[in-house]
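To start, the structure under review is shown below, and the notes come after it.
The values are calculated or read from the model by the stated rules, or taken from the named source; none is laboratory data. Quick caveat: nothing in here was measured; it's all calculated off a predicted structure. So basically every Cβ, Gly included, is an ideal-geometry build from the backbone, and we count neighbours across all protein chains shown.
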Amino acid sequence: MLLDELKEQLKITDETTKLLNAFWLSNQKEEHYKALAAQTEDEQFWQKPNQASILKELQAIRAQRDRLMHLVKMQEELHEMVVLFSHDEKELEKLMLEIREFKKQLGEFKITLLMTGEHDFSNCFVSINAGAGGTESQDWANMLLRMYIRFCEREKLNASIIDITPGEEAGIKSATLFVKGDNAYGLFRSEHGVHRLVRISPFDSNKRRHTSFSGVTVTPEIQDAQAITIDPKELRIDTYRSSGAGGQHVNKTDSAVRITHLPTNIVVQCQNERSQTQNKETALKMLRAKLAQKQQEEREAYLSSNITKSKAEWGSQIRSYVLHPYKMVKDHRTDYESPQPEKILDGELLEFVELYLMQSS
């Protein structure tokens, strides 16, 4: 019966709304909002040198607060409408559409609310590197690359492959994506770490079970490029022919660029652009991002959960994808599990992302 289904859907949105309210209060966002508002009401406020940044922060948190209050009000109104039209099938059908749209709005707001990191709104670089294991790990790295491209499509992010090194027999040795769009780094920072795959190998004639590892590194693009100064004398720049599929021009000229920052031994490379100059600019952008991240690590004096570097091997994984002898994807940081690895590998990562963000906020 449609009425019963509507009530069940409202129970789900009730839980989500309560969760959002609890998150708002537990993270002291209401107190922070009131403190910022009080500052702007002070007679001396306009004499403060940081008034612009305070107003900007207040505007952002007020927009979030207004949005939350609007969603809470919508939840109450939907309950009232269901009671009011409980005997009107046509109106109930319209309400079902409204509740579906409301659930979508709740999900979008939840993601926005969880974006509490300094760089969460930035674009980012996502690098995938096959671990030990030859063809098996290289195929696994390629599966992760596809998973992230599908995730970007689902979340309306723009992902471009700026570098890729194919494997000898199958898959890839490494690849780097440049991801642009709303909350790109915030949505991807949960993926930083080692990913483990357990399956019956398609490359083993004896059909034995294999365990493979691939490492994922996520780096936010820095907005202020001038904040990171690079001495050209500290760079080694190599050019080479693109190894990707590419077009006629890409594969016939040494347009790909590899830059090594000698003091830190950080290596970046780009091969997706037509010209060597464009590839160099993109590679330098990535290098600045990696250097900024390294500086942040040193300032903090410890490795935070979202930038910890781990060796791609047993025991260091953040998430396991088991395809045999049973089917399960488990995040070892949040303990969240999904019995549908096919959907996860097709880019349905949002629940994993949300739980990680809730835990790390």
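Take the range 187-210 and flag every residue that is touching a helix residue (DSSP H, G or I) at 6+ places or on another chain (Cβ under 7 Å) and either under 30 Å from Q223 (Cα atoms) or part of a strand (DSSP E or B) (or both).
L187, S190, H195, L197, H210
Here's the yes/no breakdown for (1) touching a Leu at 6+ places or on another chain (Cβ under 9 Å); (2) assigned by TED's automatic domain parsing to the domain that holds Q105; (3) exposed (fewer than 11 other Cβ atoms within 10 Å of the Cβ):
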position: K7; (1), (2), (3): no, yes, no
position: T13; (1), (2), (3): yes, yes, no
position: T17; (1), (2), (3): yes, yes, no
position: E30; (1), (2), (3): no, yes, no
position: L36; (1), (2), (3): yes, yes, no
position: D42; (1), (2), (3): no, yes, yes
position: W46; (1), (2), (3): no, yes, yes
position: P49; (1), (2), (3): no, yes, yes
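Looking at (1) modelled with pLDDT under 90; (2) more than 30 Å from the chain's Cα centre (by Cα), which is the only condition S243 fails?
Result: S243 fails condition (2) only.
Only one residue in S137, S160, S122 is touching a residue at least 40 places away in the same chain (Cβ under 8 Å), closer than 22 Å to R67 by Cβ and polar (S, T, N, Q), so which one is that?
Every option except S122 fails the conditions.
Every residue, every condition in (1) aromatic (F, W, Y); (2) in contact with a Pro (Cβ under 7 Å, 6 or more places away or on another chain), yes or no:
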residue: K104; (1), (2): no, no
residue: M115; (1), (2): no, no
residue: E118; (1), (2): no, no
residue: F121; (1), (2): yes, no
residue: D139; (1), (2): no, no
residue: L145; (1), (2): no, no
residue: T165; (1), (2): no, no
residue: T176; (1), (2): no, no
residue: Y185; (1), (2): yes, yes
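Within the range 300-323, is even one residue at pLDDT 85 or above, part of a strand (DSSP E or B), surrounded by 12 or more Cβ atoms within 10 Å (Cβ to Cβ) and among the charged types (D, E, K, R)? Show your work before the answer.
Within the range 300-323, the first condition is being at pLDDT 85 or above, and the residues that meet it are 317-323.
Filter again for part of a strand (DSSP E or B), leaving 317-322.
From what is left, the residues that are surrounded by 12 or more Cβ atoms within 10 Å (Cβ to Cβ) are 317-322.
Filter once more, so that each one left must be among the charged types (D, E, K, R): 319.
Checked against the condition, which is being at pLDDT 85 or above, part of a strand (DSSP E or B), surrounded by 12 or more Cβ atoms within 10 Å (Cβ to Cβ) and among the charged types (D, E, K, R), the range 300-323 yields at least one hit.
Could you grab me the full set of residues in the range 139-171 that are of a type in the set (S, T, N, Q) and either surrounded by fewer than 19 Cβ atoms within 10 Å (Cβ to Cβ) or in contact with a Lys or Arg (Cβ under 9 Å, 6 or more places away or on another chain) (or both)?
Passing the criteria: N158, S160, T165.
Go through the range 75-89 and report how many residues are under 40 Å from the mean Cα position of the chain (by Cα) and either among the aromatic types (F, W, Y) or surrounded by 17 or more Cβ atoms within 10 Å (Cβ to Cβ) (or both).
Going through the range 75-89 one residue at a time, the tally reaches 4.
What residue, among those in the range 325-354 that are assigned to a helix (DSSP H, G or I) and among the β-branched types (V, I, T), is surrounded by the most Cβ atoms within 10 Å (Cβ to Cβ)?
V353
Residue by residue through the range 142-176, note down the ones that are within 13 Å of C270 (Cβ to Cβ) and not charged (D, E, K, R).
Listed by number, the residues that qualify are S160, I161, I162, I164, T165, S174, A175, T176.
Assess whether W46 counts as being assigned to a helix (DSSP H, G or I), in contact with an Asp or Glu (Cβ under 7 Å, 6 or more places away or on another chain) and either on the phi < 0 side of the Ramachandran plot or hydrophobic (A, V, I, L, M, F, W, C) (or both).
Values: assigned to a helix (DSSP H, G or I): yes; in contact with an Asp or Glu (Cβ under 7 Å, 6 or more places away or on another chain): no; either on the phi < 0 side of the Ramachandran plot or hydrophobic (A, V, I, L, M, F, W, C) (or both): yes.
For W46, the condition - assigned to a helix (DSSP H, G or I), in contact with an Asp or Glu (Cβ under 7 Å, 6 or more places away or on another chain) and either on the phi < 0 side of the Ramachandran plot or hydrophobic (A, V, I, L, M, F, W, C) (or both) - is not met.
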